[in-house]
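**Q** One structure is given below, represented as structure tokens, and several questions about it will come after.
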Amino acid sequence: MGEFVANVRRQVGWFVLLGMGTIVLIILAVSLQSDLFAKKFTLYFSPPSAAFFYDGQAVKFQGFTVGRINEMDLQEDGRVRITLKLLERYHPMLHQDAIIHLVRDGLIGEQTLEITSGNAKKPVVEAEQTIHYETAATIEQLLQDIKPAVENANTLLRELTELAAWLNDPTSDFRQMLSRMNAVSQDLNRENVGKLVINLAEILENLQSMTKGLKDSRVGEQLARSLQSTSEILSDLRPLTQQLAKEGPESLTRINSLINHVDLLSKSLDTVASDLSELTPELPGLARESRQAISEIQGMLKSLQGSWLLGNPPGPAQGKGNSVAPPVLDMQP
Amino acid sequence: MKHLIRCSCYGRWLLTLLCVSMLCSCGGKSSHKAPEPENPYISQANNFIQNGLAAMQNERWQSAENSFARALISSQLADDISLVSLSWYNLAVIRSALNNVQGAEEAYVRVLELTDRHQDSLMQLRAQIALALIQEREGHLPETFDLQQLPASLYQAGGHWPTDIRLQAARLAQRLHYTTLAQQAYLVITQKTGSDQNLLKMKAEAHMGLALLSSSESRYEHAWSEAEKALSYCRVVGAPRLTAHALLLQGQLSIASKSERKDRLERALSIYAALEDSFAQKQALTELIKLNAPEPSPALRLRLQQLEDKLGKENEKAETFSIMEEDH
């Protein structure tokens with residue numbers, strides 16, 4: 001009996017030891033996976049405010065989490081200093097001139113820090129070094145930047161339409177510029193935002209050269225005098241409302257149609273925000289972030305499909321039939 | 001006895017070991033599994049295509065064209081021939097919707113060239129029919145084109161043809177006055193089952209096609225019921241233009257009471273007004289005035305007059321712009 005009890009005790013002991021060993025092994029494996037004991041190095045950066053940061057916030061490099069915020073402190077001189085702990089194995093990839101900036105994982109996702117590789121020709125960043133922090137422009141900021149320009153453009157174009165009544169030349173630079181403006185205003189998208197800004201700049205330049213060129217002639221003098229007074233964009237542009245009234249109804253109709261185009265332009269800008277899904281890499285900030293989020297979700301779904309939980313290999317690619325545009329038929333009776 | 005107890009202990013021990021090893025294996029499998037490599041240009045092209053299709057549903061043609069153009073570039077970068085021909089086809093469809101006939105025809109020709117070289121017979125047939133449809137609409141369908149060249153099974157219940165090809169084939173047959181063939185193909189489409197949005201819209205179009213056919217054959221009751229079916233699908237998927245067409249057709253059918261027709265025409269008119277389709281508005285208004293004859297409301301007349309003025313001005317403007325473009 002005693003031998004039996006001793007046997008049972010020994011077996012129970014082994015069983016408990018084995019269970020504990022397994023648990024320790026699992027904990028070790030998880031710790032290794034989550035880089036708990038991995039070698040890390042420290043970097044610092046100083047943002048203007050610590051409002052968008054928190055301890056443990058992920059730092060990403062090319063989409064991979066390479067570290068986290070370890071500490072945040074307000075220094076004596078009032079500057080914010082944030083300490084990053086980054087994995088040592090990524091150290092050789094980060095060179096001098098590396099920049100850190102805040103990006104959002106999707107439209108409503110968590111904000112993470114992204115670090116760039118810097119100048120590959122330069123040496124690797126040193127531990128304990130302070131790197132430069134840059135604020136990424138978001139769509140809202142871009143729109144805010146563009147809005148005053150468009151408001152100015154409205155003013156400018158109204159003045160220009162009055163000028164058009166004066167010049168009344170179908171081959172003038174002004175007409176050509178407007179037709180380009182109109183073409184842009186038809187459907188404002190990511191490409192056209194750039195074109196719009198270029199066109200506005202061109203209009204300003206052309207208008208300046210036009211007014212300079214006209215200064216020598218009599219009409220030019222009159223124009224130049226009127227152009228000197230008020231415009232915000234060209235400080236020497238005078239409102240020509242009195243002259244406009246003398247031009248008669250024909251020019252007024254033309255002006256009205258031009259103003260309509262300008263209004264269209266302003267409305268089109270508002271649609272930029274709703275066209276997020278079509279924004280291109282040329283526009284930084286929100287567009288890139290949303291695309292990142294989408295690709296991450298896609299990756300996540302694929303991993304989930306292949307995981308043991310669902311037990312299914314990734315399904316076949318989406319059929320081409322779903323991507324064929326349905327016919328647009330004219331069914332009007 | 002001892003032997004039995006020892007065996008049962010070993011059994012438990014083995015069972016525990018098995019459970020632990022199973023858990024470990026599950027954990028291992030569920031850990032960071034490296035995603036399969038994926039061509040970014042292909043996924044980019046697919047994203048652009050989906051964006052384009054979404055824009056198409058809202059009739060944001062310009063936006064859809066931009067997306068499909070970008071999808072084409074991405075698919076060219078990926079060097080995926082089937083995706084390239086698909087992108088050209090989508091671009092052609094959208095250009096056709098934008099009335100860019102020349103652009104659409106060029107794009108369809110590119111699809112035909114590509115699919116001919118790479119033996120994609122289905123896409124080739126799709127492009128061939130779509131091109132014929134646009135050429136017929138513009139009145140320059142080649143004399144060599146014969147509807148009989150198309151596979152007969154397109155118009156029959158058998159054959160696993162995609163619905164969009166059948167629908168286009170049916171519409172082409174209808175426009176070329178092969179009414180029996182058109183009717184057969186439309187019927188096949190209406191019998192399709194599924195809840196895909198595109199399929200439901202195509203079913204609505206097929207019912208509308210049947211309604212138009214019945215109307216042209218003076219089978220007004222059948223035309224009414226088919227238009228009603230088209231409307232029911234339109235309400236599910238949200239196709240305002242097709243809804244307005246169906247309502248306009250019902251408003252034109254003399255079997256319904258005057259008040260019912262008036263109701264349909266007014267509803268069609270309000271949809272066309274919301275869609276800013278002046279030509280269709282004019283048609284609906286004309287029908288309404290005809291219905292109210294001999295005492296049409298002065299407000300309706302005034303509205304028609306305003307529309308005609310606007311259309312006249314729009315035509316003038318279009319002519320001026322085309323002259324200016326030619327000058328440039």
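Residue-wise test of (1) surrounded by fewer than 16 Cβ atoms within 10 Å (Cβ to Cβ); (2) without any contact (Cβ under 8 Å) to a residue 12 or more places away in the chain; (3) polar (S, T, N, Q); (4) touching a Gly at 6+ places or on another chain (Cβ under 8 Å).
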| residue | (1), (2), (3), (4) |
| --- | --- |
| A:GLY56 | yes, no, no, no |
| A:ILE69 | no, no, no, yes |
| A:GLN75 | yes, yes, yes, no |
| A:LEU84 | no, no, no, yes |
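**Q** Can you tell me which residue within the range B:104-123, out of those that are under 17 Å from B:ALA45 (Cβ atoms) and within 10 Å of chain A (Cβ to nearest Cβ), is surrounded by the most Cβ atoms within 10 Å (Cβ to Cβ)?
**A** Ranking the qualifying residues of the range B:104-123, first place goes to B:MET123.
**Q** Kindly indicate whether any position in the range B:140-161 is modelled with pLDDT under 90 and under 19 Å from B:LEU91 (Cα atoms).
**A** Checked against the condition, which is being modelled with pLDDT under 90 and under 19 Å from B:LEU91 (Cα atoms), the range B:140-161 yields no hits at all.
**Q** Still on this structure, I have one more. Quick check: anything in the range B:139-146 outside any loop (DSSP other than H, G, I, E, B) and more than 15 Å from A:VAL324 (Cβ to Cβ)?
**A** no
**Q** Out of A:LEU94, A:LEU102, I need the residue that is closer than 25 Å to A:SER46 by Cβ and modelled with pLDDT of 85 or more. Which one?
**A** A:LEU94
**Q** Kindly evaluate A:LEU32 against the criterion of being within 11 Å of chain B (Cβ to nearest Cβ), aliphatic (A, V, I, L, M) and more than 15 Å from A:ILE115 (Cβ to Cβ).
**A** yes
**Q** Still on this structure, I have one more. Go through the range B:247-260 and report how many residues are in a helix (DSSP H, G or I) and within 11 Å of chain A (Cβ to nearest Cβ).
**A** Going through the range B:247-260 one residue at a time, the tally reaches 6.
One line per residue, one yes/no per condition, for (1) outside any loop (DSSP other than H, G, I, E, B); (2) hydroxyl-bearing (Ser, Thr, Tyr); (3) more than 14 Å from chain B (Cβ to nearest Cβ):
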site: A:GLU3; (1), (2), (3): yes, no, no
site: A:THR22; (1), (2), (3): yes, yes, no
site: A:LEU36; (1), (2), (3): no, no, yes
site: A:TYR44; (1), (2), (3): yes, yes, yes
site: A:SER49; (1), (2), (3): no, yes, yes
site: A:GLY56; (1), (2), (3): no, no, yes
site: A:THR65; (1), (2), (3): yes, yes, no
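**Q** Restricted to the range B:88-103, and to residues that are of a type outside the set (Val, Ile, Thr) and more than 9 Å from chain A (Cβ to nearest Cβ), which residue is nearest to B:ARG137 (Cα to Cα)?
**A** Checking each candidate, the answer is B:ASN99.
**Q** Here is a list: B:ALA104, B:ALA127. Which entry is modelled with pLDDT under 95, farther than 18 Å from B:GLN62 by Cβ, part of a helix (DSSP H, G or I) and aliphatic (A, V, I, L, M)?
**A** The conditions single out B:ALA127.
The values are calculated or read from the model by the stated rules, or taken from the named source; none is laboratory data. Keep in mind the model is a prediction, meaning the values are calculated, not measured. A quick note on method: Cβ atoms are made from the backbone with ideal geometry, for glycine too, and the neighbour counts reach across all protein chains shown.
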